[in-house]
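Notes to accompany the following structure.
The values are calculated or read from the model by the stated rules, or taken from the named source; none is laboratory data. This is a predicted model, so every value here is computed, not measured. We place every Cβ from the backbone using ideal geometry, glycine too, and count neighbours over all the protein chains shown. When the accessible area is computed, the model is the full protein with side chains, heavy atoms only, and any ligands, DNA or RNA have been set aside. Shrake-Rupley method; radii C 1.70, N 1.55, O 1.52, S 1.80 Å.
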Amino acid sequence: MKRFYLKNQLRLKSFRAADDVITDYYRALACAISKPLVDIPLMAFDLEMTGLNAQFDQILSIGMVPIQNGMLQLKDADYRLVSIEGSVGDSAAIHGIVDGQLESAISAKEAMHWFLEKTQGHVLIAHHAPLDLCFLKAEIFRCFGEKMTFVSIDTMSLERARILRQHEVIKEGALRLDACRSRYGLPIYAAHNAAVDALSCGELLLAQMASIAGTEELTLSDLLR
């Protein structure tokens, strides 16, 4: 039922969208989610931002790694730096991006077009997806005046549900990406940027799917929250 509703919503939005890239995005996604989960292209992604408030802070970088047929497609991984207004300020201590690195960055509008084109026909994957999607929606609205709808799987939400099903207490920090990965025996990556975090998220999702599925066949609805 959820997938049927999403498909109709996406088709309706494709007719109403003013920008051709957004129209094509909705049409391709409506087609993709009609398929069995194993055949749906997935795109793990991550953003680095100057802060956590999508109305005032800005996107600095975007990393993404596609997943096809249950396998990460590292050869098609991609990364972009995004230019901002003003300075990165103290946020550099978190993401490691400094002002000088942004001299060759693409504009926010170019970044949004690039993101929509690269993720066309994919269900998005992110850790704490609502935060990243909030930034993308705010930026797309600023650039194109369109209110965007995405279909996404949130690895943090999946892990929270798994812990609660086991009647465990969710301790502080237990839902951080590295903490979630450690429970599945996944390695800790020393580097920290959007591309590496997108890869980390993609690996986590595959481990979660294997744990959730058992002997059953998963559907997209099993992963949407």
Residues located in region 182-199, provided they are in contact with a helix residue (DSSP H, G or I) (Cβ under 9 Å, 6 or more places away or on another chain), at pLDDT 95 or above and closer than 22 Å to Ile62 by Cα: Ala194, Asp197, Leu199
Residue count, region 91-150 (criterion: open to solvent by 10 Å² or more (accessible area, probe 1.4 Å), assigned to a helix (DSSP H, G or I) and aromatic (Phe, Trp, Tyr)): 3
Condition check: under 24 Å from Tyr5 (Cα atoms) and out of contact with any helix residue (DSSP H, G or I) (no Cβ under 8 Å at 6 or more places or on another chain). Does Phe135 satisfy that? no
What is the number of the single condition among (1) aromatic (Phe, Trp, Tyr); (2) open to solvent by 30 Å² or more (accessible area, probe 1.4 Å); (3) under 20 Å from Glu146 (Cα atoms); (4) touching a residue at least 12 places away in the same chain (Cβ under 8 Å) that Tyr79 does not meet? (3)
Does region 37-60 include one or more residues that are open to solvent by 20 Å² or more (accessible area, probe 1.4 Å), within 23 Å of Glu203 (Cα to Cα) and among the acidic types (Asp, Glu)? yes
Selection count, region 64-73, where residues are hydrophobic (A, V, I, L, M, F, W, C) and under 14 Å from Lys118 (Cα atoms): 3
Only residues that are of a type outside the set (A, V, I, L, M), surrounded by fewer than 19 Cβ atoms within 10 Å (Cβ to Cβ) and assigned to a strand (DSSP E or B): list them for region 61-71, please. Gln68
What number of residues in region 168-225 are among the β-branched types (Val, Ile, Thr) and either closer than 29 Å to Phe115 by Cβ or touching a strand residue (DSSP E or B) at 6+ places or on another chain (Cβ under 7 Å) (or both)? 4
I'm checking my understanding of the structure. Among residues of region 162-177 that are among the charged types (D, E, K, R) and free of Cβ contacts under 8 Å to residues at least 12 places away in the same chain, which one is surrounded by the fewest Cβ atoms within 10 Å (Cβ to Cβ)? Glu172
Going by what's in this entry, would Tyr5 be described as under 15 Å from Gly121 (Cβ atoms) and assigned to a helix (DSSP H, G or I)? no
Would you check if there is a residue in region 22-42 being in a strand (DSSP E or B) and either among the hydrophobic types (A, V, I, L, M, F, W, C) or over 14 Å from the mean Cα position of the chain (by Cα) (or both)? yes
If I filter region 200-225 down to residues being part of a helix (DSSP H, G or I) and among the hydroxyl-bearing types (Ser, Thr, Tyr), which single residue comes out as farthest from Ile62 (Cα to Cα)? Ser211
Pick out the one residue from Ala213, Ala198 that is free of Cβ contacts under 8 Å to residues at least 12 places away in the same chain and open to solvent by less than 30 Å² (accessible area, probe 1.4 Å). Ala213
